[in-house]
Amino acid sequence: MKAKTMFYCTECGNELPKWAGQCPACKAWNTIVEQPAETKRKSSAAVATAGERRGSIKPRLMDEVETTRELRFQTGMNELDRVLGGGAVQGSLVLVGGAPGIGKSTLMLQICQNLCRFAKVLYVSGEESERQIKLRAERLGVRGQELYLLAETNLDDVVEAVTALQPDVLIVDSIQTMYNGELSAAPGSIGQVKDCTMALMNLAKGRGVTVFVIGHVNKEGSIAGPKVLEHMVDCVLYFEGEQQNSYRILRAAKNRFGATNEIGVFEMGDAGLTEVPNPSEMLLAGRPQDTPGTCVTCVMEGVRPVLAEVQALLAPTSFNVPRRTCNGFDFNRANLLLAVLEKRGGLMVSSCDAYINVIGGLNLDEPAADLAMVVALASSFRDRPVPGDLAAIGEVGLTGELRSVNALGQRLSEVHRLGFTKCLVPQRTGAKLEVPDGLQLIKVRNIREALAFL
Ligand code: TYD
Ligand code: MG
C-alpha cells in the first residue's frame, strides 16, 4: 500500500490536501511539494532525539557541553582542501554544485585515489553504470583497493549499502537522481531532493560518514538543486567555469567549518583535473600588450593574493541612454565609478557605451579593484594604452579620493613576483609597508593624480 502523503508550501509552510500550482496562502507558484505524512514529523535528527528523551528535556549550560576538535583528513587535492578550510571534516556533508559537464564527477573520482589509501570509500552513482565509472577511473589513473562502486538511485538501497559496508566516505553522484520510493514526486523535484539530502545528513551525523553530494545547477539556478539545500548541509562548494576554456574555479558558498572566501583553481585536461597552484599566472596568460582599455589589479581571494585583468571598452553611444554591461564586476559599482570619472576626473564618459569584463571567470567584489577599473576606463576613453608593467590597487571614493586597502604588502609582493615594476597605490598606505625591491610605488591621492600620471 502506498504510504500516506501530504502537501505543503516550501515558501510559507501552508498545508494543502492536494497538489496545486499556486499556493493559495502566499500566492507563490511551483512551491507545493509532497512529503510522506509521517516522515515530515520526524524528519530532523534533532527532533528525533529530542522525542526519545521526552520528559527529561533540559537546556544545558554552554560551559558544560564537552567538545572535541573536529577531525579532519586531507583529500589529497590541496586546492580542494583549502576551500574546505584545511581538509574535509569527518562526519560532515559537503555539497558540490555546478553546471552539468563542468567536472564534478571527475573531481570526486580523482579524490578517491588518495582517500582510498586510508579510508573505505563508497561511490554511489545514479548517472553512470559501474563499468562506465571504472572506465573513467582507469582513464584518470585512479585505482584503490578500498574503493567500492554502486550504481543505484533508490535511497533506501543506498542507506542499506552504507549500513552493511560501513564506509568512511560516501560520494553520491548526483542528488537529483536519488529518490525515496515513499514519495510519489519524480526524482529531482524539490521534495525528493530535500528528503534524500536529509537522509544522507542523518547518515553523516549518525554514523560519522563523511558525505560528498553532487548537485547539478542549471543556468538560471532554478532546478531543484544546491540552492534549496544550502541551509541543510554543512558546506556548499560551487564548481564554476566556462565550457570554452579549461580553467575551473571551486568556491565555498557556505562552510560551517571554515572561511568562505577561499578559491581553488583547476585545469581540465586529458588526464582529468590538475591543480593550478599559481592562478595569477594563468589569469594573466595571453594578456594583450600596448592596447588601450586593460589594467591589472590584485585582489585577495581568502588569504591568497590573485592578479586579475580588468578590461573596459568605451564607445560613443548611439542610444538615448548609454548601454552598460558588466561581466565579473558589480554593475552598480561600475556605474558609480563611471560617474566619479566624469565628475572628478573630467572625462565625458556619459556619452559612451561601456562594456566591462574581468578575464578568467573571476568575480571582483573587492573595492581594491576600483582603481584598476578607473584606469582601464580612462585608458579606453583616451585610446591610450596603460604601461604593460603597471598594476593598480586602491579603493575609489565618491569624491574621487583613493582609500587604502588591506593586505597591501602581500598584494605588492604578488604583483612583483609576476614581473610588474610599477604599481599605482593610494597615498596613505599604512605605517610599515614592505615594498619588494625593484617595484616602484606611485602614490596618488585621487583619481585626477592617477589620470595625470598616465
Ligand atoms: P564530468 O565530471 O562528467 O562533469 P559533471 O559530473 O560535472 O557533469 O566532466 C565532464 C566533462 O569533462 C566532459 O565534457 C569531458 C571533460 N573531461 C575532460 O576533458 N578530461 C577528462 O579526463 C575527463 C574525465 C573529462
Ligand atoms: Mg557527472
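A few comments on the model shown:
- Number of positions in the range 138-156 that are in a strand (DSSP E or B) and either within 16 Å of ligand 2 (Cβ to nearest atom) or outside the structural domain of residue 199 (by TED's automatic domain parsing) (or both): 3
Residues are listed down the side, and each one gets a yes or a no for (1) assigned by TED's automatic domain parsing to the domain that holds residue 426; (2) of a type in the set (Gly, Ala, Ser); (3) open to solvent by 20 Å² or more (accessible area, probe 1.4 Å):
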residue: 292; (1), (2), (3): yes, no, yes
residue: 295; (1), (2), (3): yes, no, no
residue: 300; (1), (2), (3): yes, no, yes
residue: 313; (1), (2), (3): yes, no, yes
residue: 317; (1), (2), (3): yes, no, yes
residue: 320; (1), (2), (3): yes, no, yes
residue: 323; (1), (2), (3): yes, no, yes
residue: 328; (1), (2), (3): yes, yes, no
residue: 331; (1), (2), (3): yes, no, yes
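- When residue 159 is tested against the conditions (1) part of a helix (DSSP H, G or I); (2) within 16 Å of ligand 2 (Cβ to nearest atom), the lone failure is (2).
- When 209, 159, 142 are checked against the criterion of being touching a helix residue (DSSP H, G or I) at 6+ places or on another chain (Cβ under 6 Å) and over 19 Å from residue 88 (Cα atoms), a single residue qualifies: 142.
- Those residues of the range 90-119 which are more than 12 Å from ligand 2 (Cβ to nearest atom) and surrounded by fewer than 22 Cβ atoms within 10 Å (Cβ to Cβ), in sequence order: 90, 91, 113, 114, 116, 117, 118, 119
- Total residues in the range 148-188 satisfying the condition of being touching a strand residue (DSSP E or B) at 6+ places or on another chain (Cβ under 7 Å) and more than 16 Å from ligand 1 (Cβ to nearest atom): the figure is 20.
- Taking the numbered list (1) crowded, with 19+ Cβ neighbours inside 10 Å; (2) touching a residue at least 60 places away in the same chain (Cβ under 8 Å) in turn, residue 336 passes all entries but (1).
- Of everything in the range 229-244 that is surrounded by 12 or more Cβ atoms within 10 Å (Cβ to Cβ) and not hydrophobic (A, V, I, L, M, F, W, C), the residue that is modelled with the lowest pLDDT is 242.
- Selection of the range 77-89 for residues being open to solvent by 10 Å² or more (accessible area, probe 1.4 Å) and within 16 Å of ligand 1 (Cβ to nearest atom) yields only 77.
- For the range 90-137, a residue qualifies if it is within 16 Å of ligand 1 (Cβ to nearest atom) and assigned to a loop (DSSP other than H, G, I, E, B), and the qualifying residues are 99, 100, 101, 102, 103, 126, 127, 128, 129.
- Residue 166 closer than 30 Å to residue 270 by Cβ, surrounded by fewer than 21 Cβ atoms within 10 Å (Cβ to Cβ) and more than 16 Å from ligand 2 (Cβ to nearest atom): no
- Scanning the range 260-290 for residues that are of a type in the set (A, V, I, L, M), crowded, with 22+ Cβ neighbours inside 10 Å and not in a helix (DSSP H, G or I) yields 265, 273.
- Residue 58 satisfies every condition listed in (1) within 14 Å of ligand 2 (Cβ to nearest atom); (2) open to solvent by 50 Å² or more (accessible area, probe 1.4 Å); (3) part of a loop (DSSP other than H, G, I, E, B); (4) not small (Gly, Ala, Ser) except (1).
- Candidates 335, 357, 406, 327 - the one that is closer than 17 Å to residue 300 by Cα and polar (S, T, N, Q): 406
- Qualifying residues in the range 171-196 (those that are without any contact (Cβ under 8 Å) to a residue 40 or more places away in the chain and assigned to a helix (DSSP H, G or I)) - the one nearest to residue 146 (Cα to Cα): 193
- Residue match in the range 210-229 (condition: more than 16 Å from ligand 1 (Cβ to nearest atom), in contact (Cβ under 8 Å) with a residue 40 or more places away in the chain, in a loop (DSSP other than H, G, I, E, B) and touching a strand residue (DSSP E or B) at 6+ places or on another chain (Cβ under 8 Å)): no
- Flag if residue 160 is free of Cβ contacts under 8 Å to residues at least 12 places away in the same chain, at negative phi and either open to solvent by 30 Å² or more (accessible area, probe 1.4 Å) or among the hydroxyl-bearing types (Ser, Thr, Tyr) (or both): yes
- Leading residue by the ranking (modelled with the lowest pLDDT) among those in the range 403-454 that are of a type in the set (Lys, Arg) and surrounded by fewer than 21 Cβ atoms within 10 Å (Cβ to Cβ): 432
- Some residue of the range 251-259 being under 22 Å from residue 392 (Cβ atoms) and open to solvent by less than 20 Å² (accessible area, probe 1.4 Å): no
The values are calculated or read from the model by the stated rules, or taken from the named source; none is laboratory data. Source: prediction; values computed, not measured. Virtual Cβ from ideal backbone geometry, glycine too; neighbours counted across all protein chains shown. For accessibility, only protein heavy atoms count, side chains too; no ligands or nucleic acids. Shrake-Rupley method; radii C 1.70, N 1.55, O 1.52, S 1.80 Å.
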